[in-house]
Amino acid sequence: MFVILKQRAKSREYRSERSSAGRVEPSVHEWKGMASLSYPPMPPILSLVVIFILVYLIDTSNACGMQLCYDRWRTAASAADNGLIKPPNGEIPACVAHRTHLFCLIAEELNCRTNLQYQMTKRGIIHKMKNDKCYEGGDVFNASAVMDKGIIIRPNNLICTFRSKYDKTPIKYQHCGLFGDPHLRTFKDEFQTCKVEGAWSLVQNKYIMIMVTNNPVKDHGAATATSKLTVVIKKNEDCASHDFVTYRARTNYLPGTFENGRSDVGPDKSVAIQVMEPGKHVEIYLRFIDTTIRVRQIGRYFTFAIKMPQEIVEQSLGDDTQQLCVQGCPEQEQINYKKYLAEKRKIMDLNQGDIAMTSERASELCRQSQVVDFYFDSCVFDLMTTGDENFTIAAHQLLEDLTELSPDIVKTQENRTYLNYEEIHPSSGCRLKSNFIPWTCALAVLLCFLFDQRNS
């Protein structure tokens with residue numbers, strides 16, 4: 001210490017001598033050694049900007065989905081620790097958890113690429129995988145494979161789970177259904193009966209395309225029904241497939257797999273088919289857009305029901321394709337089923353008209369089928385035009401499917417189980433309705449009375 005102080009004293013004496021000889025004193029910012037660096041102070045505003053950028057880049061893990069990936073890894077790691085993951089290629093179980101975490105982060109790259117924590121976490125996982133000798137293209141954690149072993153996987157912990165852009169409000173869903181001869185309920189809850197023979201689009205957006213083919217019902221004139229249904233999941237490398245995936249059903253063939261032979265595609269089975277009843281009922285679920293599709297074969301024909309988030313439905317509005325679920329049937333393809341039912345109400349004998357069943361008999365069968373409102377009217381219409389009692393089942397199942405997909409639908413129902421002809425197609429004659437005499441009928445009676453009085 002004494003030596004250091006002595007050297008500093010000599011240094012001061014040397015600078016004093018140079019100053020007295022007319023030399024210029026060094027500036028206050030002259031370099032004075034590594035221990036005494038000095039810089040101009042940083043402006044306060046610039047400091048705040050730097051701090052804000054650092055906080056933004058570091059503390060955005062939840063916004064970009066890193067928390068979801070962490071939860072996903074934690075669940076996979078727990079399954080690995082419990083011996084529920086056994087890689088087939090000799091890897092250690094931790095490799096599956098690492099790979100699951102990495103694939104999830106890759107799927108979130110678009111939202112997280114500017115996040116420093118994201119980049120560090122991703123590099124760290126890649127380093128772990130190299131140390132543990134994990135394969136890059138191996139298996140990821142399959143949630144459904146361990147569901148029956150007691151591990152509960154919550155949907156929001158899965159890769160490719162739909163997240164609404166309206167985070168603070170519940171997801172709003174819309175529904176569409178097609179059944180019978182055929183009858184349509186659009187996403188806007190409009191009810192129509194249509195001809196639409198041939199191939200027609202039901203839904204089309206950047207994720208999915210659904211088409212139906214309607215053919216004439218054999219030996220029943222102009223009646224048509226759905227004999228073929230095609231669902232195409234469009235290319236989506238993150239949450240579906242690198243190529244189009246197609247599901248196709250036709251008369252007497254309701255498969256339980258896609259055309260490629262698989263029953264699921266995408267991470268964590270983000271697109272999957274579930275066979276509810278072989279040959280009769282299948283359900284397709286697309287988790288990345290939270291959309292459920294139900295297809296049933298009843299007799300020789302199909303029913304179709306879909307539940308889709310409103311914000312996904314809105315993406316279909318810009319497409320120029322005529323989509324029955326979105327725009328409804330073209331006006332020239334619509335049938336005024338109310339007028340038809342009203343005109344046929346008096347026909348009692350099958351030999352007196354072109355109907356296959358009387359309205360009374362059809363109404364009774366439809367009541368037994370427990371359908372109401374539009375579905376009741378449609379059921380009666382189908383029985384009168386075709387006589388095929390399978391259409392009562394179709395109406396019942398479609399109503400049941402829509403009710404299960406959206407229980408709130410029951411709040412809009414009147415639960416009517418009869419044909420109200422005055423509401424369907426008002427007659428020109430005078431009819432009593434709820435003990436009310438229309439003023440036109442009263443006027444007609446009065447005129448008849450005055451005419452009789454004049455003649456007498």
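The values are calculated or read from the model by the stated rules, or taken from the named source; none is laboratory data. What you see is a predicted model, and the numbers here were worked out from it, not measured in a lab. Cβ atoms come from the backbone with ideal geometry, glycine included; neighbour counts cover every protein chain shown. Just so you know, the surface numbers come from the protein's heavy atoms only, side chains and all, with ligands and any DNA or RNA stripped out. Shrake-Rupley method; radii C 1.70, N 1.55, O 1.52, S 1.80 Å.
For the reader, a short list of remarks on this structure follows.
- For segment 240-335, GluC sites (Glu not before Pro) are listed when DSSP marks them as loop and at most 13 other Cβ atoms sit within 10 Å of their Cβ; the list is 259.
- Residue 243/residue 412 FRET efficiency (R0 35 Å; Cβ-Cβ; nearest 0.05): 0.30
- Convex hull volume of segment 273-332 per residue (C-alpha atoms, cubic angstrom): 106
- Net charge, residue 118 excluded, C-beta distance under 11 Å - Lys, Arg +1, Asp, Glu -1: +1
- Were the residues from residue 403 through residue 360 laid out at 0.36 nm apart, the gain over their Cα-Cα distance would be 12.8 nm.
- Separation in nanometres of the label points that stand 7 Å from Cα toward Cβ, at residue 321 and residue 111: 2.7
- Placing unit charges on the Cβ atoms of the charged side chains and taking the dipole of segment 192-334 about its Cα centre, the candidate lying farthest along the positive direction among 212, 278, 223 is 278.
- In this structure segment 153-300 gives 46 Å² per residue of accessible area when probed at 1.4 Å with all protein chains present.
- Segment residue 164-residue 334, extension gain: residue separation times 0.36 nm, minus the distance between their alpha carbons: 57.7 nm
- Inter-label distance for residue 314 and residue 274, nm, one decimal - labels placed 7 Å from Cα along Cα-to-Cβ: 2.9
- Sites residue 235 and residue 389, calculated FRET efficiency, Cβ-Cβ separation with R0 51 Å, nearest 0.05: 0.75
- Around residue 281: net Lys/Arg minus Asp/Glu count, Cβ-Cβ under 9 Å: +1
- Among residues other than residue 174 with Cβ under 14 Å from its Cβ, the summed charge is -2 (Lys and Arg +1, Asp and Glu -1).
- Under the simplified labelling scheme, the residue 370-residue 171 pair shows an inter-label distance of 2.9 nm, with each label point 7 Å from Cα along Cα→Cβ.
- Mean separation of Cα contacts under 8 Å (6+ apart) over length of segment 174-300, as relative contact order %: 13
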